[in-house]
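Colleague: Handing you a structure now.
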Amino acid sequence: MSNSITITRPDDWHLHLRDGAMLAGIAPETTRHFGRAIIMPNLVPPVVTASDAAAYRDRILAARPAGSNFEPLMTLYLTDKTDPNDVAAAYADGLIRAVKYYPAGATTNSDSGVTDIKNVMPVLEKMAEIGLTLCIHGEATEPHIDIFDREAVFIDTTLDPLRRALPELNITSEHITTKDGVDYVKSQPKNHGATITTHHLMINRNHILVGGIKPHYYCLPVAKREEHRIALRAAATSGDPRFFLGTDSAPHTDPAKESGCGCAGCFTATNTMALLAHVFDEDGALPNLEKFASLNGPAHYDLKPNTDQITIEKSDLPVTYPDKIETGDGPVTVFNPGHDIHWRVVD
Ligand code: NCD
Ligand code: ZN
């Protein structure tokens, strides 16, 4: 017995492609199944100006396998010093699709992030005026805030005041991990969407910590309690247009993850679509997979869906994936949910 589902080719609305040998090694893992992706700008140094974004875009295009039509949708990294006119010009040129807000110190390579939202209000006002989307890493980073509370605190202290100050700004709350995040986005008008990662639909914090520490399940925002995972599953599988896929696939080499101070990031590009088919199948929601992975995201970014399709098949026997992707920088472990998966994309 085999089952299959054919959907519009998906896009990834939050992706880390890195640079250099890592980019060359992992780019095919995304271009194989995805039509487009919003490319995170947290390189070292970050992608802060239009000219940085243009040069990075060229390097990504050069890393595509022969024949690939994958389209990188570029972002700029918002800093306290970002020039509203540079941002507006990059958007008018069709070079960027979004601007990324990292609170300073929130995650990997976020040292140049925003120290106080007041410092960037002129940029945000300009973005609201021209219809450019703000992607937000929504975690409060003050040292006294418990890491499991960072998302909920950010909603109250920063996100909600911003929504009230600039209701016309199109916002993506990225990689939401809590019921609080789901409820907040649902309470907002249509111009507030949220991405959800594949791994946050599959693991809770026990997966990271019970029975020994599992560095390949550690990412930021960190996975929360089971009740939050369940709320994310309900949102993702509901078909609600405000929720869509952003894998946050974030490769780090094994030595960088399996260390006394391991890096944050789960690498899911290789098997995301199979894992999502598993999740939606398990919840009896396969007909909504296309909305989550292929339709809701383009609508939020005012783009058309891709015009071609992919097919995902279910087999009786479990499928296998590579444990690791070898890159010029070193091996990168592929996210493994810890149980059998029976779905695979027909390449
Ligand atoms: C990301 C990375 O490694 O760049 N890590 C992660 O855990 N998600 C940064 C980020 O998106 O927070
Ligand atoms: Zn990310």
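Computed from the coordinates by the stated procedures, all read-outs in this text should not be read as laboratory data. Just so it is clear, the structure is predicted and the values come from calculations on it, not from any experiment. Please note: Cβ atoms are built from the backbone with ideal geometry, for glycine as well, and neighbour counts cover all protein chains shown.
Colleague: Report ³J(HN,Hα) in whole Hz for each residue of segment 90-105, in order, from the Karplus equation J = 6.51 cos²θ - 1.76 cosθ + 1.60 where θ = phi - 60°; Gly and Pro get x.
Modeller: Per residue, the Karplus-derived 3J(HN,Hα) values read 5, 6, 4, 6, x, 7, 10, 10, 6, 10, 10, 9, 10, x, 3, x Hz.
Colleague: Just how large is the dipole of the chain about the Cα centre, in debye to the nearest 20, putting +1 at every Lys and Arg Cβ and -1 at every Asp and Glu Cβ? Display every interim value, and only then the final one.
Modeller: Working: 31 positive and 45 negative charges, 62 e Å.
The calculation lands at about 300 debye.
Colleague: Moving on to the next point. What is the chain's relative contact order, in percent, from Cα pairs under 8 angstrom and six or more apart in sequence?
Modeller: Rounded, it is 21 percent for the chain.
Colleague: List, in order, the whole-Hz ³J(HN,Hα) value for each residue of segment 123-133 obtained from phi through the Karplus relation with A = 6.51, B = -1.76, C = 1.60 and θ = phi - 60°; use x for Gly and Pro.
Modeller: So the J values, rounded to whole Hz, are 5, 5, 5, 4, 4, 4, 5, 9, x, 9, 7.
Colleague: Taking 21 Å as the cut-off for C-alpha to C-alpha distance, list the pairs among Lys81/Lys118; Lys257/Lys314; Lys118/Lys179; Lys186/Lys291 that go past it.
Modeller: Lys257/Lys314; Lys118/Lys179
Colleague: Between segment 148-176 and segment 204-259, what's the alpha-carbon centroid distance in Å?
Modeller: That distance is 20 Å.
Colleague: By per-residue mean of other Cβ atoms within 10 Å, what is the highest-first order of 176-185, 208-217? The partial results should precede the final answer.
Modeller: Numbers: 176-185: 22.8, 208-217: 13.9.
Per-residue Cβ counts within 10 Å, averaged per peptide and sorted highest first, yield 176-185, 208-217.
Colleague: Would you please give the residues with an amide H less than 5 Å from that of Glu71, counting only those at least 5 places away or on a separate chain, with H modeled from the backbone geometry?
Modeller: Here Arg36, Ala37 satisfy the definition.
Colleague: Counting only GluC sites (Glu not before Pro) that sit in a DSSP loop (anything but H, G, I, E, B) with at most 15 other Cβ atoms within 10 Å, what is the longest stretch of the chain containing none of them?
Modeller: Values: sites that count: Glu168, Glu258.
For GluC sites (Glu not before Pro) (loop position, at most 15 other Cβ atoms within 10 Å), the longest site-free span of the chain is 1-167.
Colleague: Something else about it: Can you pull out the trypsin sites (Lys or Arg not before Pro) in segment 89-155 whose DSSP state is coil and whose Cβ has at most 11 other Cβ atoms within 10 Å? Walk me through the intermediate numbers first.
Modeller: On the way: sites: Arg97, Lys100, Lys118, Lys126, Arg150; in loops: none.
Counting only loop positions with at most 11 other Cβ atoms within 10 Å, none of the trypsin sites (Lys or Arg not before Pro) in segment 89-155 qualifies.
Colleague: Determine the dipole magnitude for segment 158-251: charges of +1 sit on the beta-carbon of Lys and Arg, -1 on that of Asp and Glu, nothing else is charged, the reference point is the Cα centre, and the result goes in debye to the nearest 20. Walk me through the numbers before you get to the answer.
Modeller: Details: 12 positive and 9 negative charges, 32 e Å.
So the dipole magnitude of segment 158-251 works out to roughly 160 debye.
Colleague: While we're looking at this one, here's another question. Relative to the compact globular guide of 2.2 N^0.38 Å, what is the alpha carbon radius of gyration of the chain, as a ratio?
Modeller: 0.92
Colleague: Let me ask you something else. In whole Hz, with x marking every Gly and Pro, tabulate ³J(HN,Hα) for segment 328-343 from phi via Karplus 6.51 cos²θ - 1.76 cosθ + 1.60, θ = phi - 60°.
Modeller: x, 8, x, x, 10, 6, 7, 3, 10, x, x, 8, 5, 10, 10, 9
Colleague: On C-alpha positions alone, give me the angle between the axis of helix 50-63 and the longest principal axis of the chain, in degrees, nearest 10.
Modeller: Rounded to the nearest ten degrees, it is 20.
Colleague: Still on this structure: By how many degrees, between 0 and 90 and to the nearest 10, does the Cα long axis of helix 272-282 differ from the longest principal axis of the chain?
Modeller: 70 degrees
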